[in-house]
Structure formats: C-alpha cells, structure tokens
Amino acid sequence: MRTQEEMLMEESERSRREASLAQDLIAYDLYVTQDFDVEVFVAEARKAQEKVLELMCGTGRVSLPLVEEAGVELTCVDASAAMLARLEEKLR
C-alpha cells in the first residue's frame, strides 16, 4: 500500500511532466513553421462537399487554415492527446 507521501510525490512528478510537455508543444509550434503545403490542403478542402477528416493533425498547423480559410467541418485525429489538447487551446 502506498503512503500519502508516495502519492504526493507521484502527483508532483506527473504535474512536472505535464508542464514539461506543454512547454515542448509550444516549442514544437515555434519550430514547425513551414506552410508551403497548407494552400494545397485548403484548396482541396474547399472542393469537399462533406465533412473532412484530418489524420495526425498535431497542434493544428493545417487544421486551423482548413477551418478558418476553407470553412470546412473538420474532424481531427491524432495519436497524441497532448497535441489535440494544444489544438483545442488554439481553437478557443
């Protein structure tokens, strides 16, 4: 059985990891800035007459223009819950 001190230490470590991940995602957004392909995706999305699915959307480098410029109804999927959470922050 874990002691209260062990549980507090685990919670502290989990909080530290989450804070570090949040900083990593912000750094990711600053590092990944190329947008040469976004125009192509936006043009194709405008042709869509139904919903659009974006796989491995990350933090929204392509997703945001698809919604804002192409005006599509977009569903985003990513293996990383942290990436999706960062995208949600950007959409607010």
Leading residue by the ranking (nearest to the chain's Cα centre (by Cα)) among those in the range 48-58 that are surrounded by 10 or more Cβ atoms within 10 Å (Cβ to Cβ) and of a type outside the set (A, V, I, L, M, F, W, C): 58
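Scanning for something of a type in the set (A, V, I, L, M), touching a residue at least 12 places away in the same chain (Cβ under 8 Å) and not in a strand (DSSP E or B), does the range 3-17 turn up at least one residue?
Filtering the range 3-17 down to residues of a type in the set (A, V, I, L, M) leaves 7-9.
Keeping just the survivors that are touching a residue at least 12 places away in the same chain (Cβ under 8 Å) gives none.
For the range 3-17, residues of a type in the set (A, V, I, L, M), touching a residue at least 12 places away in the same chain (Cβ under 8 Å) and not in a strand (DSSP E or B): absent.
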Residue within the range 39-47 that is touching a strand residue (DSSP E or B) at 6+ places or on another chain (Cβ under 9 Å) and of a type in the set (Phe, Trp, Tyr) present: yes
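Take the range 33-79 and flag every residue that is touching a helix residue (DSSP H, G or I) at 6+ places or on another chain (Cβ under 7 Å) and aliphatic (A, V, I, L, M).
Step one: filter the range 33-79 for residues touching a helix residue (DSSP H, G or I) at 6+ places or on another chain (Cβ under 7 Å), giving 38, 41-42, 45, 52, 54, 57-60, 62-66, 69-70, 72, 74, 76, 78.
38, 42, 45, 52, 62, 64, 66, 70, 72, 74, listed by residue number.
Condition test on residue 70, is it over 12 Å from the mean Cα position of the chain (by Cα), farther than 20 Å from residue 28 by Cβ, in a loop (DSSP other than H, G, I, E, B) and of a type in the set (Gly, Ala, Ser)? Before the answer, list the steps.
Numbers: over 12 Å from the mean Cα position of the chain (by Cα): yes; farther than 20 Å from residue 28 by Cβ: yes; in a loop (DSSP other than H, G, I, E, B): yes; of a type in the set (Gly, Ala, Ser): yes.
Here the answer is yes, as residue 70 does meet what is asked.
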From 6, 18, 68, 10, residue being at pLDDT below 90, closer than 20 Å to residue 83 by Cβ and exposed (fewer than 14 other Cβ atoms within 10 Å of the Cβ): 18
Index of the failed condition, residue 45 passing every other in (1) loosely packed, with under 11 Cβ neighbours inside 10 Å; (2) more than 14 Å from the chain's Cα centre (by Cα); (3) not basic (Lys, Arg): (1)
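Scan the range 1-42 residue by residue and report those that are basic (Lys, Arg) and over 23 Å from the mean Cα position of the chain (by Cα). Full working, then the answer.
Within the range 1-42, the subset basic (Lys, Arg) is 2, 14, 16-17.
Correct list: 2 only.
The values are calculated or read from the model by the stated rules, or taken from the named source; none is laboratory data. On a predicted model such as this, the values are computed, not experimentally measured, just so you know. So basically every Cβ, Gly included, is an ideal-geometry build from the backbone, and we count neighbours across all protein chains shown.
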